[in-house]
1. Just to be sure before I move on: is Glu69 more than 22 Å from Phe205 (Cα to Cα), of a type outside the set (Phe, Trp, Tyr) and buried (at least 17 other Cβ atoms within 10 Å of the Cβ) in the structure I sent?
2. Go through the residues of segment 85-95 one by one and say whether even a single one is at pLDDT below 95 and among the aliphatic types (A, V, I, L, M).
3. So which residues in segment 235-255 are acidic (Asp, Glu) and closer than 14 Å to Gly210 by Cβ, if there are any at all?
4. Just one of the numbered conditions (1) surrounded by fewer than 17 Cβ atoms within 10 Å (Cβ to Cβ); (2) within 20 Å of Gly196 (Cα to Cα) is not true of Met134; which one?
5. Of (1) free of Cβ contacts under 8 Å to residues at least 60 places away in the same chain; (2) farther than 23 Å from Asp178 by Cα, Arg46 satisfies all except one. Which?
6. Within segment 2-27, track down each residue that is loosely packed, with under 15 Cβ neighbours inside 10 Å and either part of a helix (DSSP H, G or I) or modelled with pLDDT under 85 (or both).
Amino acid sequence: MQLDLSSPIVMGILNTTPDSFSDGGNYVNLQQAIDRIGQMIDEGARIIDIGGESTRPGSDPVTEDEELERVIPVFQKAIKSFDSTIFSVDTTKYVVAKEALKAGCHIVNDVSGLEKEPRFAELCSEFNAGYVLMHSKGDPKTMQKNPVYENVVEEIKQFFKTKTDHLIRSGVKSVMIDPGIGFGKTLKHNLSIISGLGSYLTLGFPILTGASRKSMIGQLLGNRDVDGRLAGTIAVHYQCLINGAKILRVHDVQEATDSIEIFNALHEPG
């Protein structure tokens, strides 16, 4: 399925986990998950990103079998029910990604950026699937324990260059890059990444950003809890749009869709 990025689009988040930081436990039931997917599509999501393992800071990994049990039935039903929507699997496990692709999934969203599973390059090539290359430092359990960079924007750019070269050589035709806001970065690092997002445009790949409800927004708003971070999320993502992002990965789909409509109206040529 072809992804039209002539205008920015929304990727809606669907966590089938009991412990994700924002919506953990809300969509562990199959019908609840399908209903939520339908709602996000109605609100304007072009991609639905389904994950079965929390990657919030401090989270514990789950077994392969448990992750398969959480996500594959959702993919099997959702892809048949919403056949004009693009689906993405948020995983670092080879077998989970392969089973999702066999069910008709279109994109592998890998928060480890090929570090945990280098075979994703060949797998995506085999299935003619897209790949989201995300940068992270460390794993979710430890990634926020004093991450250090000399120049965070340039180090991530070099990471992207090395990995995208490998992906293209491996035959992956659709690659998206995600600097991984909040994944092994301090607040200062995250702000530098957003300000410097335009430097990644020279690489020639669509930029995906995911700041939805993240702790950096809570920190900037006086340690606001998750439920109070919607306006901050929209503000951060709007700045990402200004700086060149093409895909916003969000929990609040309607609000993100609305912000893209306003952005497009304000940035139309002439």
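1. On the way: more than 22 Å from Phe205 (Cα to Cα): yes; of a type outside the set (Phe, Trp, Tyr): yes; buried (at least 17 other Cβ atoms within 10 Å of the Cβ): no.
Spelling it out, it is not the case that Glu69 is more than 22 Å from Phe205 (Cα to Cα), of a type outside the set (Phe, Trp, Tyr) and buried (at least 17 other Cβ atoms within 10 Å of the Cβ).
2. no
3. Within segment 235-255, Asp252 is the sole residue that qualifies.
4. Here Met134 meets the rest and fails (1).
5. Only one criterion is unmet by Arg46, namely (2).
6. Passing the criteria: Gln2, Pro18, Asp19, Gly25.
A quick yes/no check of all residues on (1) in contact with a Leu (Cβ under 8 Å, 6 or more places away or on another chain); (2) hydroxyl-bearing (Ser, Thr, Tyr); (3) more than 19 Å from Asn29 (Cβ to Cβ):
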residue	(1), (2), (3)
Ile50	yes, no, no
Glu64	no, no, yes
Ile72	no, no, no
Gln76	no, no, no
Ser84	no, yes, yes
Thr91	no, yes, yes
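The values are calculated or read from the model by the stated rules, or taken from the named source; none is laboratory data. Bear in mind that the values here come from a model prediction, so they are computed numbers and not experimental data. No Cβ is skipped: glycine too gets one built from the backbone with ideal geometry, and neighbour counts run over all protein chains shown.
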